[in-house]
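The block underneath contains the structure these notes are about, expressed in structure tokens.
The values are calculated or read from the model by the stated rules, or taken from the named source; none is laboratory data. Everything numeric here is computed off the predicted structure, so don't read it as measured data. Here the Cβ is made from the backbone with ideal geometry for all residues, glycine too, and neighbour counts use every protein chain on show. Surface accessibility is based on the protein's heavy atoms, side chains included, excluding ligands, DNA and RNA. Shrake-Rupley method; radii C 1.70, N 1.55, O 1.52, S 1.80 Å.
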Amino acid sequence: MIEVFFQYDFLRYSLFTGLLIGLLAPLIGVFIVVRRLSLMADALSHITLTGIAFSLLLGRHINFFAGMNPVYMGMIFAVSGSVMIEKLRHTYRFYKELAIPIILSAGIGIGVVFISLADGFTTDLFSYLFGSVVAISRTDFIVVLLLTSVVAILLFLFYKELFFLSFDEEQAVISGIPRRSLHLMFIVIVAVVIGLSMQIVGILLVSALMTLPVAAAMRLAGSFKQMFLYAVIIGEVSVLSGLFTAFHMDLAPGGMIVVINVVILLFVLAFTSKK
Amino acid sequence: MQTNNPSHILEMDNVHFSYAHQPVLEDINMKVSPGSFLGLVGPNGSGKSTLMKLLLGLLTADRGDVKLFGEPVKSFKQWSKVGFVSQKANSFNSGFPATVFEVVSMGMYGKVGLFRFLKKHHKQKVREAIAQVGMEEYMYQNIGKLSGGQQQRVFIARALVSEPDLLILDEPTVGVDAQSVTNFYEMLKELNVHKGITLILVTHDIGAMSDYVTDVACLNKCIHFHGNKETFEANREEMMTAMYGHDVSVIEHNHAHDHHDHSHDHDDLAGTRS
Ligand SMILES: Nc1ncnc2c1ncn2[C@@H]1O[C@H](COP(=O)(O)OP(=O)(O)OP(=O)(O)O)[C@@H](O)[C@H]1O
Ligand SMILES: [Mg+2]
């Protein structure tokens, strides 16, 4: 059952990419959840959709874009979206969360306009929305590998600062931690991870892979470090089993991955509430 | 302090501050010399916490100069020399899965610096600071599962762990039981006398405070009194009447429950340091 993933290159790359995002999404997810930014991940994933739609639209008219993986345009949009969210959070100082619905609806609205302008790429779009087992080429995989390494190294290097900022922003600032630049780095990382993960899980479900494993890990962990461990284990289990079942049963992997995550979460909740 | 040896740890010169046109502090002049233990008192809303935020660089004065260790706060960089326990210390998200050890370690981060990790001797210091506030039993407990007073001790340990030269405490004993308060004051005195740490303590507990501090400042929008404890004691009744309208030695006061929405508090920082 697993062997088939090694027989075909395209499946092998999907599998490896799955392994990487099963690591990356829950890692960044821990910080997203403790900083109460889960909804921001959602807004950014919708902006990614806008970028993808834009790229697909361009691809119909300009040859250069036809050959490009639309995910890169999606990432560019997500990164700019994350910077705009920051600006808006600053503008609405006392209603920070307003930034999220603004960006989210603007993203979908513009995305829908792009999609209808270039009607006729519905099958492609379906796999961007819900993920695909076969979407990854060798070049894509190498990009995923490179970006994963960069993100993992950044998270490792800035672990203690991000931890402090998440726990107690005021104290972190007092101790001299450069809040602004770290926060900017953080949301850019989130945008990149969304772009990477959505190739497997799909735009609509990408934030689930960042938050559900963490939601479960939070119930189990006794320390901040343990939370990472549990979140990554749950993330990997769900991505791998999701990919296998999706391939063999011809389902969208995003759906399976989220279903498995939800099942794990329910088990954890049932188990921990008895204690 | 190898570069310069300032005669004052803290200087405020003609400082004015207002929140959106509502003046909160007017013409503040204050000097704190090394090794002193200053008690800062004043009624609710008199601007004590605001004053602390100004000297921590979280807010910027509309007018006047604030200097720390002889350097303007704007350009001050050695923040590991300053420890701070906030009035709202225990308004953090109590579900946050961090252990006492992890929380106290945070106090080390500024000293350790970017791209570096806690070494063995740093971790040893963390354990010592936890022991110093009597929380060693709870070293690997989740911070959210401790009582308010225990959490407060952990935050004090976090402020102490980087061995600051200046320690600022904004009503640190709220929610701490009477016996622990006495122990706590003893500990502060010990830090002040034996380790030479300069202390600024914001408090409403004028009675308990005056046994330990060396200097007193009375604040109500402007400084009503700033001098040594002996002078304060001699003029105490006058001071109290000027500030509160009557002599109050101990004010029943509990801030543990008055935190506002936490996310808004973060916004106070948005415009200044980061
Ligand atoms: N973030 C803020 N925005 C606007 N006004 C504020 C803000 N924080 C404090 N104030 C106002 O500034 C004044 C001084 O507040 P501050 O918190 O400095 O008082 P305090 O002396 O610390 O009081 P307490 O004894 O209650 O802690 C108060 O009138 C308060 O309403
Ligand atoms: Mg106050």
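Points worth noting:
- Cα-based Rg / Dmax (Å) for segment B:1-62: 13.0, 40
- Cα pair distances in segment B:158-239, grouped into 10 Å bins until the bin that holds the longest one, percent each: 16, 49, 31, 4
- Burial ranking of peptide ranges A:10-17, A:201-208, A:57-64 (average Cβ count within 10 Å, highest at the top): A:201-208, A:10-17, A:57-64
- Whole-percent carbon and sulfur share, accessible surface of the protein assembly as shown, 1.4 Å: 60 percent
- At a probe radius of 1.4 angstrom, the accessible area of segment B:21-117 per residue rounds to 36 square angstrom.
- Average beta carbon contacts from partner chains per residue of A:154-163, 10 Å cutoff: 3
- On the beta carbon distance between residue A:248 and residue A:108, with R0 = 41 Å, the FRET formula returns roughly 0.80.
- Cα principal axis extents for segment B:186-226, largest first, Å: 33, 19, 12
- Other protein chain C-beta atoms within 10 Å of residue C-beta, averaged over A:219-228: 4.
- Set of aspartates and glutamates with alpha-carbon distance to residue B:31 below 17 Å, sequence-local pairs under 8 removed: B:11, B:13, B:65, B:71, B:165, B:215
- Put simply, chains B and A cover up around 3500 Å² of each other's accessible surface, both sides summed, when a 1.4 Å probe is used.
- Within segment B:148-209, trypsin sites (Lys or Arg not before Pro) in DSSP loop having at most 15 other beta-carbon neighbours inside 10 Å: B:195
- Taken over segment A:60-195, the ratio of Cα radius of gyration to 2.2 N^0.38 Å equals 1.27.
- When peptides B:197-204, B:129-136 are ranked by their average number of other Cβ atoms within 10 Å per residue, the highest-first order is B:197-204, B:129-136.
- Shielding value for B:79-86 is 3, the average number of Cβ atoms from other chains within 10 Å of each residue's Cβ.
- Coil-residue trypsin sites (Lys or Arg not before Pro) of segment A:116-199, DSSP, other Cβ within 10 Å capped at 15: none
- Computed over segment B:1-147, Kirkwood Rh from alpha-carbon pairs, angstrom: 17.8 Å
- Restricting segment B:134-232 to chymotrypsin sites (Phe, Trp or Tyr not before Pro) that sit in a DSSP loop and have at most 12 other Cβ atoms within 10 Å of their own Cβ leaves B:140.
- The largest-to-smallest principal axis extents of the Cα set in the protein assembly as shown are 88, 48, 44 Å.
- Dipole of segment A:99-240 [Lys/Arg +1, Asp/Glu -1 at C-beta], most positive-end residue of A:190, A:149, A:209: A:149
- Kirkwood-type hydrodynamic radius, segment A:3-274: 18.9 Å, calculated from all non-identical alpha-carbon pairs.
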